[in-house]
Amino acid sequence: DTLPLCGLVGLGLGYSVFCAVIWPAFAIVIPPKLVGTGYGIPTSAYNLVLGLFFLLVGVLTKDDEDLDDVSEEKYTDVEWFLLSTCLCSIVTVFMLWHADRNMGNMLGLPTSQHVKAVKKNTMISVGARDY
């Protein structure tokens, strides 16, 4: 049955796109003096979440004696959990996109225009101070 494989490939692509969009944005919205910390905190949080996900997937996997190892019912709760996290990621990306549009569309600028905006000190910094 190829349906579970298609779902897993879709989830993998969704998580990959989320990371490909979010991680490069840190360098744009974080002041240059705080880029190391700006990458360190989310990386630590991301690794903590990944560690907890493995434990949660183990808890959600049904350990019923009536189910064999390849039963579709064994991983139903895991599939719903992964789908919900993927949907939360999509919602987060749209919320960030909307917030960026309201604040001048800085994340959508090409790198050369972003550098010019930072040099002119026109970039809006949210929640971070330049030390």
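Could you check region 7-18 and list, in sequence order, the residues that are modelled with pLDDT under 80 and either outside any helix (DSSP H, G or I) or not small (Gly, Ala, Ser) (or both)? Scanning region 7-18 gives 8, 11, 15, 17, 18. Report every pair of residues separated by at least 6 positions or lying on different chains whose Cβ atoms are under 9 Å apart, first residue within region 49-62 and within 15 Å of residue 15 (Cβ to Cβ), second assigned to a helix (DSSP H, G or I) and among the β-branched types (Val, Ile, Thr). Close Cβ pairs satisfying both conditions: 53/85; 57/78. The single condition among (1) modelled with pLDDT of 80 or more; (2) touching a Lys or Arg at 6+ places or on another chain (Cβ under 8 Å); (3) within 17 Å of residue 10 (Cβ to Cβ) that residue 83 does not meet is (2). Going through (1) at pLDDT 65 or above; (2) farther than 23 Å from residue 21 by Cβ; (3) of a type outside the set (D, E, K, R); (4) open to solvent by 90 Å² or more (accessible area, probe 1.4 Å) one by one, residue 131 falls short only on (1). Scanning region 19-61 for residues that are of a type in the set (S, T, N, Q) and either open to solvent by 50 Å² or more (accessible area, probe 1.4 Å) or in a helix (DSSP H, G or I) (or both) yields 37, 43, 44, 47.
The values are calculated or read from the model by the stated rules, or taken from the named source; none is laboratory data. Note that the structure is a prediction, hence the values are computed from the model and not measured. Cβ atoms come from the backbone with ideal geometry, glycine included; neighbour counts cover every protein chain shown. The accessibility values were calculated without ligands, DNA or RNA, using every heavy atom of the protein model including side chains. Shrake-Rupley method; radii C 1.70, N 1.55, O 1.52, S 1.80 Å.
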